[in-house]
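K.L.:
Take a look at the following structure, please.
The values are calculated or read from the model by the stated rules, or taken from the named source; none is laboratory data. For clarity, every value in this text was computed on a predicted model and none was experimentally measured. Cβ coordinates were reconstructed from backbone atoms using ideal geometry, including for glycine residues, and neighbour counts include every protein chain displayed.
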Amino acid sequence: MQFFTVTKPGGTKDYEFAAYTQLLEDVGVDLSNVPRTLEPETNRHWLYTWKREDEARRFAGELKRRTRDNSWYVYAFEAEVEERGPVAPIDVYATQDSEGINYVLSPTSRERIIRDFPHTKLYPSLFLSTGTQQDIVRQHGDHWWRQVCKMLTGLTEEQVDSLGGYRIFQPSGAVWHEELPEVQAM
């Protein structure tokens with residue numbers, strides 16, 4: 001069966017993938033359970049798939065307009081079955097001041113969590129003083145980022161993974177840390 005996805009030569013950078021997933025959300029796609037394929041060339045990201053080429057072309061056209069980047073293109077491929085699952089992680093944004101760091105969920109991530117786990121207790125933000133953050137790092141080691149995500153979302157590790165994992169953005173907009181469920185080659 002033939003499928004289509006939209007990508008860039010050499011794969012997408014983090015900020016390009018963020019624009020890609022934002023457009024998917026803007027057109028009403030539930031990023032937690034969609035038809036998907038591994039990104040051609042890199043296998044770094046899951047990408048949304050279409051069964052109709054004209055729909056993929058319209059999406060690529062809108063991406064080109066929004067990003068002012070004409071290198072987006074439609075990639076056709078064959079697959080026996082349609083792979084399904086999440087394509088984008090939960091996004092957490094950090095802001096920093098002299099007292100510590102404040103973490104907040106992106107609005108679209110909040111909506112996904114509420115839709116998929118309506119009884120979870122979301123926190124509007126999570127402020128960690130410099131000292132508290134240092135204590136968490138000492139207590140949890142390399143896993144402290146996951147603790148921040150769990151405290152902010154109220155989700156278990158399995159629930160976070162079912163939504164595509166998470167990524168935390170620095171105040172500059174760069175990805176500070178991300179944990180994505182392992183992508184298995186098809």
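K.L.:
How many residues, within region 58-110, are over 30 Å from Lys121 (Cα atoms) and surrounded by fewer than 17 Cβ atoms within 10 Å (Cβ to Cβ)? Break it down stepwise before answering.
P.N.:
Residues of region 58-110 that are over 30 Å from Lys121 (Cα atoms), as a first pass: 58-83.
In the following step, the residues that additionally are surrounded by fewer than 17 Cβ atoms within 10 Å (Cβ to Cβ) were identified as 58, 61-62, 64-71, 73, 76-83.
Going through region 58-110 one residue at a time, the tally reaches 20.
K.L.:
Taking helices (runs of 4 or more DSSP H) that do not extend beyond region 117-166, which have at least 1 residues that are buried (at least 16 other Cβ atoms within 10 Å of the Cβ) and not assigned by TED's automatic domain parsing to the domain that holds Glu99? Even if it seems obvious, please write down each step before you answer.
P.N.:
Values: elements: 130-140, 144-153, 157-162.
Those helices (runs of 4 or more DSSP H) do not exist here; none qualify.
K.L.:
Being more than 24 Å from Lys8 (Cα to Cα) and either in contact (Cβ under 8 Å) with a residue 24 or more places away in the chain or under 21 Å from the mean Cα position of the chain (by Cα) (or both) narrows it down to one of Leu122, Leu63, Leu38, so name that one.
P.N.:
Leu122
K.L.:
Looking for whichever is closer than 30 Å to Thr42 by Cα, assigned to a helix (DSSP H, G or I) and hydroxyl-bearing (Ser, Thr, Tyr) here; the options are Ser109, Ser71. Which one fits?
P.N.:
From the options Ser109, Ser71, the qualifying one is Ser109.
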